[in-house]
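Here is the structure we will look at, set down as C-alpha cells.
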Amino acid sequence: SIDWYHPKTTMPASMSAAPMRCRTPLPSLGLGTWKAPPGQVGAAVRIALQKGYKLIDCAEAYDNQDEVGLALEQAFQDGVAAREDVTIVSKVFNHNHGSRAEASLRKTCEDLRVGVDLWLMRKLLCDYPYVRDGCTFNRH
C-alpha cells in the first residue's frame, strides 16, 4: 500500500493549468516526490497519472528519481498518460551548481528516462553547512 500518498479523487478540471508567457500551460497541481519511500513512489506516480495529474515534481536530492523515471516510462508505454501531456519538473541543489550543473542535468535525464520539462536551480537558505559527496557547502 502507499502510506504517504493516495489521491482520493480525480484532478478537478478547474485546476488544470496556469497560462504562461511561452503559451505552454503549466499544471496548477502535481505530485511531489519528496520523502517518498523507495518501493512506493513509483506506484504513487502511476496512480497520480491515472487520476489525471499532469505534473510530477522531482529533485536529484530526493534520491528517488530513478524509480520515478521507471514508473513514468512504464505508464507512458502502457497508455496511462501521454508524455506530451505531463510536465516533469526536477531541481538541482547547491552541491551541483556551477561546473557540476551539466553532469547533474545529464544524470537527471538518465534517471527520469523520459526527459525533463522544467529544471530548477535550487538555492537552500539555511545556516548550517551541507555535506554531500565529500564536499561541504554553506547553505546561506
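The values are calculated or read from the model by the stated rules, or taken from the named source; none is laboratory data. Here the structure is a predicted model, which is why all the values come from computation and not from measurement. Ideal geometry is used to build each Cβ from the backbone, glycine not excepted, and the neighbour counts take in all protein chains shown. When the accessible area is computed, the model is the full protein with side chains, heavy atoms only, and any ligands, DNA or RNA have been set aside. Shrake-Rupley method; radii C 1.70, N 1.55, O 1.52, S 1.80 Å.
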Taking region 70-90 and keeping residues touching a Ser or Thr at 6+ places or on another chain (Cβ under 9 Å) and open to solvent by less than 20 Å² (accessible area, probe 1.4 Å) leaves S90
Would you check if D66 is open to solvent by 70 Å² or more (accessible area, probe 1.4 Å), closer than 21 Å to Y53 by Cα and in contact with a helix residue (DSSP H, G or I) (Cβ under 6 Å, 6 or more places away or on another chain)? yes
Mind listing just one residue for me: the one in region 112-124 that is among the aliphatic types (A, V, I, L, M) and over 17 Å from A44 (Cβ atoms) and, of those, surrounded by the most Cβ atoms within 10 Å (Cβ to Cβ)? V116
Across region 91-111, which residue is least open to solvent (accessible area, probe 1.4 Å) among those that are basic (K, R) and free of Cβ contacts under 8 Å to residues at least 24 places away in the same chain? R100
Exactly one condition in (1) closer than 21 Å to L26 by Cα; (2) at pLDDT 95 or above; (3) exposed (fewer than 13 other Cβ atoms within 10 Å of the Cβ) is false for V45; which is it? (3)
